[in-house]
Amino acid sequence: MRRFIICKKDSETEKKVEVTPEFESEIIEIFDTLSKGNGQSLCLKGIVDIFKEEIQFNIPSIQRGYRWKADEQVKILLDDILDIAEDEEVYCLQPIVVSRIEPQESGNSNDEYNLIDGQQRLTTLYLIFKALSNLLDKGQLLDKSQETLECNISISYEVRKGTAEFLKNLGQPNDDAKNKYKENPDYYFLYKAYEKVRGYINNLKEDKTKFVNNLRKLHVIWYKIETEREGKVFSDLNSNKIGLCDSDLIKASLLQSLSSNGTSKSAECAENKNPIETEKEISRFLNEWEHIEQSLRKEDFWAFVYGSGKDYIEKNRIELLFDSIVDKKKNSEQFFTYNKFINEEKPYSNEKHSFEEIKSLFNALNECYVNPTLYNLAGCLISIIGKDAIKSIKERYSNTKTKKEFEEKLKLDLREKILPKGEEDISEKIDKISFSKNKDYVKPLLLAFNIALIQGRKARFDFENYHHNNWDIEHINARNPPGKDEEKSYVLKYLTDKCQNASKDSDDKFPEDDKKNLSKVEQRIYAYAKGESNNEDDRKAYDELKDKIFTAGGDDNLGNLTLLLDKTNRSYGNVPFCFKRKIILNAYYEGSFIPHGTMAVFNKHFTGMRDGTIGLSWSEDDAKKYLEKIKNTISKYYFPKIVGCKQ
């Protein structure tokens, strides 16, 4: 008995519905009935037949890009194809919804369709056909009859023009995908999917023939609709799908609104709306949307407005702005942002949200981005608070008349985040901040301190490096005192490093001739540390140098804390100050980003000692002077009119 399999499996469900041939005609009849009167048609089409035709599929601007995950939806489809039973003649995937573009509209002599729904499936099938074709060209397919699998369709994109070229070139000899796939989400997901498909088929071995034969059994329900109904059908099909993110749905809804009546607020205005004007408004909206999205895809801009994290890896970055406008929280329900933005009124207003709010928010962030002073302050605030700061920045920007006034408002917001509340003056509050007692204020305060140091110099803090490389709090002088053996090893290391041609041997040996680079006293210290001398004077000289290297510092308070790179922290652990300083300077000379305040600490710019043996350790006096510098800098820049600050 011939069997007709309708597969409801997409990205979430594993269910299949099997029906008899007699029931197949009833299904088609039901579909035909549903289509009547709407200018719609529905039929069953084989995937191989579709791909033989020279069809141009256009992805409208209303849709997002390709987002199927290689190890999830792509692998599920590949497994489905391989697992089709031998006696199954037709295996049907979910519908593909299209609307025909008339030749006179497109200027294309081939059949051309807008792909309204099914983009993810059709694109994945296209990748499968491409991979098979490329393997055939390389002679890696077992059955020459597989040459009959033609791939003549093409896929284009109304907005993302580069994606079509990227997709077309995947797997070709001149393919540059490895170097380009991280440029945007479309490239990333397409590249990962293609690599998954290629690897999957390669690993099939003798099952390659079975896989290709099963492709011939694949069918889809071809659902053609009138062009005028594209927006509504797309919305109806996708409003409850997990695959779409909030910004995709918002974009579709705004486009549908513009297509219906432009920006008009009355039915009368909508009826008299000039179609050309409506088209211009849609084009303007799409250009503005794309401009914001591409600006947010600049890594330094993104680091400035978002910091780091993975929340928006698989989403449009513009979604961050929508989330900020509607105050989306971490555990909000699905489609919270879409429902709030489209369906609910703004707080304390009878008006609905509009795209103008997003433009206004972006303009505020962009104004900060291009102005070093505002960039540093706004970036500092976002780094401390997170994305909740974005809406606050927009409100401050909207309610101030000058850049100076805006700057002062940002400082005001930072005051509340870098110091605890209380009646004490600024100096007393800073004195009480320590790593062990109120650690949550340490990093914000040190970041604000570094920002204040560079203000007025037209310098820009490197938020991209700061977030991506995970800068954190570190003790300047190690808290844990070294043991005697560890002390000796560091004294020997200091003396070894001092010799210009020091040996790299692990036991700190160096040629006898290099000892002349040490003073006579240092040579005696070296001999004592190596156990080659028991002379009392040598021991005293050793103790004197050891005390210079290991003088106690400022313990847990701010005078002994700075910002350092995580991986730098791990590279030296609890080593003494002079060795940390060497690591920091080497990293700086190699081009690494080092905050201004951190460099000043290890160069002792705040204490008057810049180099030499006198600066071997971070002393109590160093810690006191550094702490005073923090107090004065924070007070003068962020609290200039607050009484009780030490100026």
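The values are calculated or read from the model by the stated rules, or taken from the named source; none is laboratory data. A quick note: this is a predicted structure, and the numbers were derived from the prediction, not measured. In this analysis, Cβ positions are derived from the backbone assuming ideal geometry, glycine residues included, and neighbour counts consider all displayed protein chains. SASA here: full protein model, heavy atoms, side chains in, ligands and nucleic acids out. Shrake-Rupley method; radii C 1.70, N 1.55, O 1.52, S 1.80 Å.
Points to keep in mind about this one:
- Any chance Y397 is free of Cβ contacts under 8 Å to residues at least 24 places away in the same chain and aromatic (F, W, Y): no
- Listed here are the helices (runs of 4 or more DSSP H) enclosed by segment 206-298 that have at least 1 residues being among the hydroxyl-bearing types (S, T, Y) and at pLDDT 85 or above: 208-215, 246-261, 275-296.
- Some residue of segment 532-552 being open to solvent by 60 Å² or more (accessible area, probe 1.4 Å), more than 48 Å from the chain's Cα centre (by Cα), at pLDDT below 80 and acidic (D, E): no
- The single condition among (1) free of Cβ contacts under 8 Å to residues at least 24 places away in the same chain; (2) open to solvent by less than 20 Å² (accessible area, probe 1.4 Å) that P420 does not meet is (2).
- One residue from R317, R284 being exposed (fewer than 13 other Cβ atoms within 10 Å of the Cβ) and under 20 Å from F341 (Cβ atoms): R284
- Of all residues in segment 428-445 being more than 29 Å from the chain's Cα centre (by Cα) and surrounded by fewer than 19 Cβ atoms within 10 Å (Cβ to Cβ), the one that is farthest from E474 (Cα to Cα): E428
- Filtered residue count, segment 99-120, keeping only those that are under 14 Å from I153 (Cα atoms) and either of a type in the set (K, R) or at pLDDT 80 or above (or both): 6
- Helices (runs of 4 or more DSSP H) fully within segment 158-204 that include at least 3 residues being at negative phi and among the hydroxyl-bearing types (S, T, Y): 185-202.
- Any hit, segment 287-296, residues being more than 26 Å from K346 (Cβ to Cβ) and either out of contact with any Ser or Thr (no Cβ under 8 Å at 6 or more places or on another chain) or exposed (fewer than 13 other Cβ atoms within 10 Å of the Cβ) (or both): yes
- Taken together, the criteria exclude T568 from residues that are at pLDDT 75 or above, of a type in the set (S, T, Y), under 42 Å from the mean Cα position of the chain (by Cα) and within 30 Å of W471 (Cα to Cα).
- Criterion (farther than 17 Å from H467 by Cα and crowded, with 22+ Cβ neighbours inside 10 Å) met by exactly one of I393, I382: I393
- In the set (1) open to solvent by less than 20 Å² (accessible area, probe 1.4 Å); (2) farther than 21 Å from E54 by Cα, L215 fails one condition alone, (2).
- Any hit, segment 401-416, residues being in a helix (DSSP H, G or I), open to solvent by 30 Å² or more (accessible area, probe 1.4 Å), touching a Leu at 6+ places or on another chain (Cβ under 8 Å) and at negative phi: yes
- Subset of segment 70-88 [in a helix (DSSP H, G or I) and hydrophobic (A, V, I, L, M, F, W, C)]: A70, V74, I76, L77, L78, I81, L82
- Considering segment 315-396, the qualifying helices (runs of 4 or more DSSP H), each wholly inside and each with 1 or more residues that are within 25 Å of G65 (Cβ to Cβ) and among the aromatic types (F, W, Y), run over 319-325, 355-370.
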